[in-house]
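Working notes, structure below.
The values are calculated or read from the model by the stated rules, or taken from the named source; none is laboratory data. Everything numeric here is computed off the predicted structure, so don't read it as measured data. Positions of Cβ are backbone-derived with ideal geometry, glycine not excepted, and every protein chain shown enters the neighbour counts.
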Amino acid sequence: MKVKNAAPVDVLRKFDIFSGCDDRLLKKLSNLGTPIRIEAGGTLTREGKQGREFYLIAEGEAEVRHEGHAIATLRGGDFFGEMSLIDGLPRSADVVACSTMELIVFDPREFSSLLNDYPTVSKRILRTMTLRLRAAQADGSTKG
């Protein structure tokens, strides 16, 4: 789904973290974030660098790399960048666009608003983070 050609509410409806949100709430949420486009090969985050953005992928595909090794693929409907905004630590991985991507980018203030003002969304972000941690532990890539 193209971010620029679609109604903001329709774009947000694509994301699981907003499922169950009614149109009124989606309309409020649509005032947060900035749509961007990045070409294939573009780097969105760099491991070890300070993170200042939270990303929602509306369209396209990205590869997550830790210490130079591909560890995951992200697609439309996925998000990333939340960890550094929550804990204040540097990015834990590189994220590189595998295709042209349409994203919605949230700055720290907007992300904080997502967490504080919309508890349903906050719980879904936390649930996804927990599932990712469990998957990483099962793969042996995270020591617990």
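Here are P119, P108: which of them is touching a residue at least 40 places away in the same chain (Cβ under 8 Å), on the phi < 0 side of the Ramachandran plot and surrounded by fewer than 17 Cβ atoms within 10 Å (Cβ to Cβ)?
Working: P119 fails: touching a residue at least 40 places away in the same chain (Cβ under 8 Å).
Residue meeting the stated conditions: P108.
With the requirement that a residue be in a loop (DSSP other than H, G, I, E, B), under 18 Å from E39 (Cα atoms) and touching a Ser or Thr at 6+ places or on another chain (Cβ under 9 Å), what does the stretch 54-104 give you?
Within the stretch 54-104, G60, D78, C98 qualify.
Identify the single condition in (1) more than 21 Å from R132 (Cβ to Cβ); (2) surrounded by 15 or more Cβ atoms within 10 Å (Cβ to Cβ); (3) not hydrophobic (A, V, I, L, M, F, W, C) that E39 does not satisfy, given that it satisfies every other one.
For E39, the exception is condition (2).
When you go through (1) modelled with pLDDT under 95; (2) surrounded by 14 or more Cβ atoms within 10 Å (Cβ to Cβ) one by one for R46, which number turns out not to apply?
Going through the list (1) modelled with pLDDT under 95; (2) surrounded by 14 or more Cβ atoms within 10 Å (Cβ to Cβ), R46 breaks only (1).
What are the pairs, 6+ residues apart or on separate chains, where a residue within the stretch 20-34 that is modelled with pLDDT of 90 or more has its Cβ under 7 Å from a residue that is of a type in the set (G, A, S) and not in a loop (DSSP other than H, G, I, E, B)?
Listed pairs, sorted by first residue: L32/S113.
Among what's in the stretch 38-53 and is out of contact with any Lys or Arg (no Cβ under 8 Å at 6 or more places or on another chain) and in a strand (DSSP E or B), pick the residue that is farthest from S84 (Cα to Cα). Talk me through it step by step, then tell me what you get.
To start, the set of residues in the stretch 38-53 that are out of contact with any Lys or Arg (no Cβ under 8 Å at 6 or more places or on another chain) comprises 38-44, 52-53.
Filter once more, keeping what is in a strand (DSSP E or B): 38, 43-44.
On the way: I38: 21, T43: 16, L44: 13 Å.
The selected residue is I38.
Based on what the data block shows, is G88 surrounded by fewer than 20 Cβ atoms within 10 Å (Cβ to Cβ) and not aliphatic (A, V, I, L, M)?
Numbers: surrounded by fewer than 20 Cβ atoms within 10 Å (Cβ to Cβ): yes; not aliphatic (A, V, I, L, M): yes.
Judged against the criteria, G88 is a match.
Of the residues E53, E59, which single one is in contact with a helix residue (DSSP H, G or I) (Cβ under 9 Å, 6 or more places away or on another chain), of a type in the set (D, E) and in contact (Cβ under 8 Å) with a residue 24 or more places away in the chain?
Values: E59 fails: in contact with a helix residue (DSSP H, G or I) (Cβ under 9 Å, 6 or more places away or on another chain).
Result of the check over E53, E59: E53.
Taking R75, is it within 12 Å of the chain's Cα centre (by Cα) and exposed (fewer than 14 other Cβ atoms within 10 Å of the Cβ)? Talk me through it step by step, then tell me what you get.
Values: within 12 Å of the chain's Cα centre (by Cα): yes; exposed (fewer than 14 other Cβ atoms within 10 Å of the Cβ): yes.
Considered against the rule, which asks whether it is within 12 Å of the chain's Cα centre (by Cα) and exposed (fewer than 14 other Cβ atoms within 10 Å of the Cβ), R75 comes out as yes.
Any residue at all in the stretch 50-58 that's loosely packed, with under 14 Cβ neighbours inside 10 Å and farther than 26 Å from D117 by Cβ?
no
Are any of the residues in the stretch 69-84 charged (D, E, K, R) and without any contact (Cβ under 8 Å) to a residue 40 or more places away in the chain? Even if it seems obvious, please write down each step before you answer.
Initial filter on the stretch 69-84 (charged (D, E, K, R)): 75, 78, 82.
So of that shortlist, the ones also without any contact (Cβ under 8 Å) to a residue 40 or more places away in the chain come out as 75, 78.
Yes; the residues of the stretch 69-84 include at least one that is charged (D, E, K, R) and without any contact (Cβ under 8 Å) to a residue 40 or more places away in the chain.
Name the residues in the stretch 20-29 that are surrounded by 16 or more Cβ atoms within 10 Å (Cβ to Cβ) and assigned to a loop (DSSP other than H, G, I, E, B), would you?
The one that is surrounded by 16 or more Cβ atoms within 10 Å (Cβ to Cβ) and assigned to a loop (DSSP other than H, G, I, E, B): C21.
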